[in-house]
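Down below is the structure, laid out as structure tokens.
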Amino acid sequence: MSRVAIMLCAALVLLAAAASPAQAQSAKPVSEDVVHEIAAQLRCVVCQNLSVADSPSEMASQMRAIIRERLAGGESPAEVQRYFVDRYGEWILLSPPRRGFNLLVWFLPLAAVAVGLLIVGALVWRWTHRGRGVRTPPAAVDPAMSERIRRELESGS
């Protein structure tokens, strides 16, 4: 039994030695600009208001290392981004895709601003055109009251 174990260990060592140069050759140099560009599109899971590129957290550093490793392994930037979306969901993206329910995120603020401008415009038009054209007739004054007012004005001076 020990002979089988020794042969198995030797086979594993040979297999590992043969696989290492192949992996080293397939790894290509990765530009830090590409890593930063992908990291700038992802949200840091620790400090959620920062991108992975801007975050000083250890988790963001690990995520940048994963991006670098996957790019060196031959994956495209879209595949690397898809890896994080599959792992964390679309929440990880700083700018959500413009489809489906996410369209609300893109168009609801624009619609709210448009409605607000319409309301402000209607109020301004109403305030500026309030007294024009519509005149209320003067109230009818009782002749006795009119005479009393005239006498009080004459006696007060």
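Key figures for this structure:
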{"quantity": "Flag if Gly89 is small (Gly, Ala, Ser) and more than 24 Å from Val105 (Cα to Cα)", "calculated": "no"}
{"quantity": "Qualifying positions in the range 38-52 - out of contact with any strand residue (DSSP E or B) (no Cβ under 6 Å at 6 or more places or on another chain) and either within 18 Å of Glu79 (Cα to Cα) or part of a strand (DSSP E or B) (or both)", "calculated": "Ile38, Ala39, Gln41, Leu42, Arg43, Ser51"}
{"quantity": "Qualifying residue in the range 62-77 (condition: surrounded by 10 or more Cβ atoms within 10 Å (Cβ to Cβ), in contact with a Cys (Cβ under 8 Å, 6 or more places away or on another chain) and either small (Gly, Ala, Ser) or within 30 Å of Pro29 (Cα to Cα) (or both))", "calculated": "yes"}
{"quantity": "Residue match in the range 144-156 (condition: modelled with pLDDT under 90 and either in contact with a helix residue (DSSP H, G or I) (Cβ under 9 Å, 6 or more places away or on another chain) or surrounded by 13 or more Cβ atoms within 10 Å (Cβ to Cβ) (or both))", "calculated": "no"}
{"quantity": "Yes/no for Arg3 being at pLDDT below 90 and surrounded by fewer than 10 Cβ atoms within 10 Å (Cβ to Cβ)", "calculated": "yes"}
{"quantity": "Pro96 being surrounded by 15 or more Cβ atoms within 10 Å (Cβ to Cβ), part of a loop (DSSP other than H, G, I, E, B) and either at pLDDT 90 or above or not polar (S, T, N, Q) (or both)", "calculated": "yes"}
{"quantity": "Selection from the range 17-59 of residues that are aliphatic (A, V, I, L, M) and at pLDDT below 55", "calculated": "Ala17, Ala18, Ala19, Ala22, Ala24"}
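The values are calculated or read from the model by the stated rules, or taken from the named source; none is laboratory data. Treat the numbers as computed from the prediction; the structure is a model and nothing was measured. Note that each Cβ is placed from the backbone with ideal geometry, even for glycine, and that neighbours are counted across all protein chains shown.
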